[in-house]
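Trainee: Starting off with a structure, shown below.
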Amino acid sequence: MSTHHPSHRQPALVGWVVLGGAAGTAVRLAAEAQLPRPADLPLPTLLVNLAGALVLGALLEGLARRGADAGRRRGVRLLVGTGFCGGLTTYSTLAVEVDLLLAGRPLAGVGYALVTVLLGLAAAAAGVAAAAAWSRSTGARP
């Protein structure tokens with residue numbers, strides 16, 4: 001009989017997610033309060049989602065190049081990836097903002113949705129590429 005418990009049943013691992021999520025949410029709220037909304041477009045949401053995609057791409061690539069998702073690597077993934085990036089990014093707000101834009105400015109709504117998805121993919125790919133390049137340049141190994 002195995003004594004292994006899934007990650008969501010291990011209080012310490014859940015704690016890393018909660019801690020990272022609180023920090024990511026605080027950063028998102030600060031960005032939303034400080035960043036402008038030119039032409040009433042939701043620039044803060046776009047920027048935090050792109051930042052989150054970039055960080056998550058770099059983090060996951062960097063961790064994958066260092067070995068199995070266990071021990072400290074799992075803790076970092078849960079703290080920074082699931083927690084921080086999960087709290088920072090906000091696709092529910094994106095959905096609401098797209099809906100609001102579609103109601104009053106349909107082209108802006110469609111454009112905002114497309115830009116978010118396409119730039120999000122590009123940001124994640126850039127994060128992966130940056131982590132891969134850094135790993136190669138430093139000779140980092142698991």
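Trainee: In the neighborhood of Glu61, defined by Cβ-to-Cβ distances under 14 Å, what is the net charge if each Lys or Arg adds +1 and each Asp or Glu adds -1? Walk me through the numbers on the way to the answer.
Mentor: Values: positive: Arg65, Arg66, Arg73, Arg77, Arg136; negative: Asp69.
Counting the neighbours of Glu61, the net charge comes to +4.
Trainee: While we're on this one: Using each residue's phi in the stretch 51-57, evaluate 6.51 cos²θ - 1.76 cosθ + 1.60 at θ = phi - 60° and report the 3J(HN,Hα) Karplus result to the nearest Hz, with x for Gly and Pro.
Mentor: Per residue, the Karplus-derived 3J(HN,Hα) values read 4, x, 5, 4, 4, 5, x Hz.
Trainee: In addition: Taking only the C-alpha atoms, wrap a convex hull around the stretch 1-77 and report its volume per residue in Å³ as a whole number.
Mentor: 104 Å³
Trainee: If each DSSP helix of 4+ residues adds -39,500 (n - 2.57) and the sum is divided by the residues in the chain, what number results at 222 nm, nearest 500 deg cm²/dmol? Don't jump to the answer; show the numbers that get you there.
Mentor: Details: 5 runs with 99 residues, N = 142.
One gets -24000 deg cm²/dmol as the mean residue ellipticity at 222 nm.
Trainee: Calculate one ³J(HN,Hα) per residue across the stretch 64-81 by plugging θ = phi - 60° into the Karplus curve 6.51 cos²θ - 1.76 cosθ + 1.60, and present them in order as whole Hz with x for glycine and proline.
Mentor: Listing the rounded values in order: 4, 6, 9, x, 5, 7, 8, x, 4, 4, 5, x, 5, 4, 5, 5, 8, x Hz.
Trainee: Working from the pairwise distances between different alpha carbons, so that the mean of 1/r is found and then inverted, what is the chain's Kirkwood radius in Å?
Mentor: 16.5 Å
We did not get these values from a lab; they are worked out from the coordinates using the rules stated. All values derive from a computational prediction rather than experimental measurement. Glycine also receives a Cβ, built like all others from the backbone with ideal geometry; neighbour counts cover every protein chain displayed.
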